[in-house]
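Step one of this worksheet: look at the structure below.
The values are calculated or read from the model by the stated rules, or taken from the named source; none is laboratory data. For clarity, every value in this text was computed on a predicted model and none was experimentally measured. For neighbour counting, all protein chains shown are included, and Cβ atoms are generated from backbone atoms with ideal geometry for every residue, glycine included.
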Amino acid sequence: MPTFVVDANVMVSAMLGRSLPLLLDIALESVLLTPMPMIFEAKHAIAQRRGADAAARVDGLLELIAPVQPFAFVHCEAEARARLEAGGQSDWPVLATALAFDAEIWSRDVDFFGIGVAVWTTRNISRAIPVRTNRNHGATDG
C-alpha cells in the first residue's frame, strides 16, 4: 500500500474543486499523511476564498489524511531544506515528512520536482492508482 504526503494545494483542490471523490478513493488504496503546517495552510487558503465556515470543513479531510505532528519529521528539516530551491523553502515540512516516512508526495507544486522523491499530481495519481469508482473523477492537475 503506497504512502503519500498530501500537500496543502491538494486539500484545497479537494475542498473547492472536483477532486474530493478521487481523494476518497485514493484513501482506500493508500496511506495519506500531511504535516500539521499544511493543514493550517489549507485552512487559510480556503478561508480567504470561501470564509471561515468553509475552512472548518478541512477537519473532515483528517478522517482520510493523517495529520503528522512536527516531532515526527523535524529531524529531516535540514535535508529537506537542502533539497529545495529558495522559492520552495516554505514547503520543507512536506518533503521532510516524505523523507521521515519513506513516502511519495502528492502535490501540484513544481518546487518538489527533481528533489529525489517521487511526486504525483492529481491527474497522474488518478491514472496510476486503482480506484473503486469512476477513474476519471474530472481530475485536473490539482
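Points worth noting:
- Looking only at the stretch 9-53, and only at residues there that are small (Gly, Ala, Ser) and in contact (Cβ under 8 Å) with a residue 40 or more places away in the chain, the one that is farthest from residue 104 (Cα to Cα): 17
- Qualifying residue in the stretch 96-109 (condition: within 17 Å of the chain's Cα centre (by Cα), among the small types (Gly, Ala, Ser) and in a loop (DSSP other than H, G, I, E, B)): yes
- Number of positions in the stretch 69-93 that are in contact (Cβ under 8 Å) with a residue 60 or more places away in the chain and of a type in the set (Lys, Arg): 0
- Output for the stretch 61-90, where each listed residue is assigned to a helix (DSSP H, G or I), modelled with pLDDT under 95 and within 22 Å of residue 2 (Cα to Cα): 61
- Restricting attention to the stretch 71-81, the residues being over 15 Å from residue 116 (Cβ atoms), among the hydrophobic types (A, V, I, L, M, F, W, C) and surrounded by 15 or more Cβ atoms within 10 Å (Cβ to Cβ) number 3.
- With a requirement of 1 or more residues that are of a type in the set (D, E, K, R), the helices (runs of 4 or more DSSP H) lying completely within the stretch 1-56 that satisfy it span 20-29, 36-50, 52-56.
- Qualifying residue in the stretch 101-109 (condition: farther than 25 Å from residue 123 by Cβ, at pLDDT 95 or above and touching a helix residue (DSSP H, G or I) at 6+ places or on another chain (Cβ under 7 Å)): no
- Residues considered: 66, 96, 103. Of these, the only one that is in contact with a strand residue (DSSP E or B) (Cβ under 7 Å, 6 or more places away or on another chain) and in contact (Cβ under 8 Å) with a residue 40 or more places away in the chain is 103.
- Qualifying residue in the stretch 47-60 (condition: within 22 Å of residue 98 (Cβ to Cβ), out of contact with any Phe, Trp or Tyr (no Cβ under 8 Å at 6 or more places or on another chain) and at pLDDT 90 or above): no
- Against the test of being within 21 Å of residue 125 (Cα to Cα) and surrounded by 14 or more Cβ atoms within 10 Å (Cβ to Cβ), the options 95, 84, 62 yield a single qualifying residue, 95.
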